[in-house]
1. GLU665 label point, 7 Å along Cα→Cβ, cut-off 19 Å on backbone N: hits in the stretch 610-634?
2. Within the stretch 112-193, report the trypsin sites (Lys or Arg not before Pro) that DSSP leaves as loop and that have at most 15 other Cβ atoms within 10 Å.
3. By how many nm would the segment from ASP105 to GLU302 lengthen if fully extended, with 0.36 nm per residue of separation less the alpha-carbon distance?
4. With the crude spin-label approximation of a point 7 Å out along Cα→Cβ, what separation in nm comes out for ALA460 versus THR291?
5. Pop the C-beta distance of THR603 and ASN567 into the FRET formula with R0 = 22 Å and round what comes out to the nearest 0.05.
6. In whole Hz, with x marking every Gly and Pro, tabulate ³J(HN,Hα) for the stretch 417-423 from phi via Karplus 6.51 cos²θ - 1.76 cosθ + 1.60, θ = phi - 60°.
7. Based on the Cβ-Cβ distance from GLU121 to LYS179, what FRET efficiency comes out when R0 is 30 Å, to the nearest 0.05?
8. What whole-number distance in Å separates the alpha-carbon centres of the stretch 181-249 and the stretch 551-612?
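Each reported figure results from applying straightforward, stated rules to the coordinates on display, with no laboratory input. Quick caveat, the model's predicted, so the values are computed rather than measured. Virtual Cβ from ideal backbone geometry, glycine too; neighbours counted across all protein chains shown.
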Amino acid sequence: MNHYVGQEKLTLVAPWTSLAFALDWVKPPRRQQSPTWHYVNSDQWRYEGDFTDYAAVPPDAKWAKGHAMDLEAKSVRLGWMPYYPQFNRSSLDLVTDAEAAGASDNQEVVQKVVEQLKNKETRFAVDDPDAPENWPRIWMIWRGNAIQSSAKGSEFFLRHYLGTHDNVTAEERAAGKVKTVEFREPAPRGKMDLVVDINFRMDTSALYSDIVLPTAFWYEKNDLNTTDLHSFVHPLGEAVPPVWESKTDWEIFKAFAKKVSEMSSLAFDGPVKDLVATPLAHDTPDELAQTQVLDWAEGETEPVPGKTMPHLAVVERDYANLYNKFISLGPNVKTDGVTGNGVLVPVADQYDEMLQNPVGGSPDPRHMRCVEWGDEKYPSVEDALDAANVLLAMAPETNGEVSYAAFKHEEERTGLQLADLADDVRGVRMNFLDLTRQVRRTLITPCWTGMVNEGRAYSAWCINVERLIPWRTLSGRQHMYVDHPWYLDWGENLPTYKPKLNPYKTGDIVNSPVDDNCLVLNYITPHGKWNIHSTYKDNIRMLTLSRGMDPCWINDKDADKIGLKDNDWVEMYNDNGVVVTRAAVSSRVQQGMCLYYHAVERTVYIPKSQVLGGKRAGGHNSLTRTRINPVLLAGGYAQFTYGFNYWGPIGIFTRDTHIVVRKMEKLEW
Ligand SMILES: Nc1nc2c(c(=O)[nH]1)N[C@H]1C(S)=C(S)[C@@H](COP(=O)(O)OP(=O)(O)OC[C@H]3O[C@@H](n4cnc5c(=O)[nH]c(N)nc54)[C@H](O)[C@@H]3O)O[C@H]1N2
Ligand SMILES: Nc1nc2c(c(=O)[nH]1)N[C@H]1C(S)=C(S)[C@@H](COP(=O)(O)OP(=O)(O)OC[C@H]3O[C@@H](n4cnc5c(=O)[nH]c(N)nc54)[C@H](O)[C@@H]3O)O[C@H]1N2
Ligand SMILES: [Mo]
């Protein structure tokens, strides 16, 4: 199913989460927080010293000091943030070895692994991220454009993930600074053995990939595309079949599942057991797990899974049946319901209803069907149409009875009367054909906070204000003050003014030449107004309207200082990389800043750089780098507990980035 990253969440979040992460078959899922993952793996941590070199914290801090990478490792071992790969050994072997050493059940397997972690026989991979056994080898980019377009610190990706040419002039500074994490020399380059991109567009990430899997465009497939911020469920309809070799995303992932199933007998005799570490989770009792910060690795407490460290669960992996499971809706949704934003949605009745459908037949926008294998019958998700109809049947936004049941469940949790909200929509059902025939709005649901009955526009938090459902905070109210010791230590227990970062101290401008012919400016990369990230910009019409490229915007008085005229070619650079483009000089831009819209593609224009001696320049994220604000690593307490796509450090605000801007003497392609 389609979804946008960022704050636009998929409306049908509860059933979608189940399907997307295969929770209908196996729990818990392995979900990662991306900025921290890339900070570690693309080795950007190696290029900074102590974060207090540039960030202001109160004096005499206990934790707010040292290297951010050490704090990242701490956040993993305390169960605050997820990290994969998990250990310095295969998580399958850990279980087999524990069993060979006498562990008779899953509980004992977990206990053995906890002991090994405590006496350091087994290590978390994050403690030694540049050890060959600990870094990831395969990177699959799907529905994103990570390389240059979205990921901060693009040039570090080129260097450490891909091993291509890069424009980094920064030096490594972490040696001797990291205390618990291993600093290996030299830093590995080209860590990824295989980069696969699934896209319908030749974007920048595709340019750098080993394999590009062409996917069907939006009029070549049946799919759903929705967000909570507007209240319609969008169907994408297959007007024509996918052209040439392209396949729908659903078919591509299904083909992967099939191949893995076919090949599994080469590695496994049957189902195997796997150990999964997951962080303390938002919207669960884990929010009260750590009222204090006690590190078991420093002897301050005992390691207890799900309390003082990550949850550890033993799960079964049945690779031979991966394909069968892919095409079937698993029984977990019947027993456990589906969950979205902390709200449990019971769907057992809908599961049983779906089981009444016939086995086989072709996918149909009106009808649902079942599949059979291993003597069992399951609702089918073999085709994207089946999957869309299954989602529509289980989502409170599109099945009024499900919404009613979810509100009933919320009544028990909150002690409030709520189900009346869904009284009038109990009879409403939507299937894929309904959506293609007529625009349909989503129904009211406790998974979201808007009140959309009777045509009312979606607006966040209405249910909390009007029906007094508690806010999802510790106090149940809107609250600003956080009494957690980690936040107190950083001086951020209340929203706090933090001074602008010094570019010479952050490492942005150390090796970059600065003289009277250039400007040092604050670098801002807001979202393009006429494009969505990297999409809809590189076509002839948009390029014609914007000088054939993305210009950088500079204030006229600033431009005067270095004799820069509108449309002149400039070089923008810092220690992270370099960009070559034209200057759009305008009094609408504030003095002291340089604005370069997100997101630039390498398919359009990338001239050569002069400051870097003729090397080809980069795009907007060539000038950024990921810096983790460690205060945001905290977890296991109140609303600041990890939630997928909700909580964790961001890459960086580009406004904390500084660049040097210089007029170009000679343009070279
Ligand atoms: N410097 C800087 N960096 C930023 C930001 C910034 O403001 N400044 N913003 C950040 C934010 S908030 C975000 S959300 C990210 C966005 O980052 P991304 O999500 O990586 O950016 P997009 O360019 O939207 O990438 C989506 C890709 O999916 C492809 N695509 C679209 N539909 C389909 C489909 O149905 N199937 C498949 N397989 N592919 C499809 C598109 O062609 C496109 O290449 O960028 C982040 N990075
Ligand atoms: N057209 C279009 N619409 C989009 C998107 C898109 O790519 N294109 N992307 C979608 C996504 S995923 C997202 S996350 C949202 C992002 O939408 P917004 O959150 O609105 O993000 P931006 O447009 O990047 O930045 C908003 C404004 O913040 C200003 N700004 C920069 N630094 C500072 C600062 O230090 N203080 C203050 N007060 N202001 C500052 C910028 O100049 C800019 O005008 O947009 C969504 N909508
Ligand atoms: Mo976003």
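1. Under 19 Å, as judged by backbone N against the label point of GLU665, lie 610-617 of the stretch 610-634.
2. Sites meeting the loop and neighbour criteria: LYS120, ARG137, ARG143, LYS179, ARG184, ARG189.
3. Taking ASP105 through GLU302 to full extension adds about 68.7 nm, to one decimal.
4. Placing both labels 7 Å beyond Cα along the Cβ direction yields 3.0 nm.
5. 0.50
6. For the stretch 417-423, the Karplus curve yields 8, 9, 4, 4, 4, 9, 3 Hz.
7. The value I calculate is 0.90.
8. Using only Cα atoms, the two centres lie 30 Å from each other.
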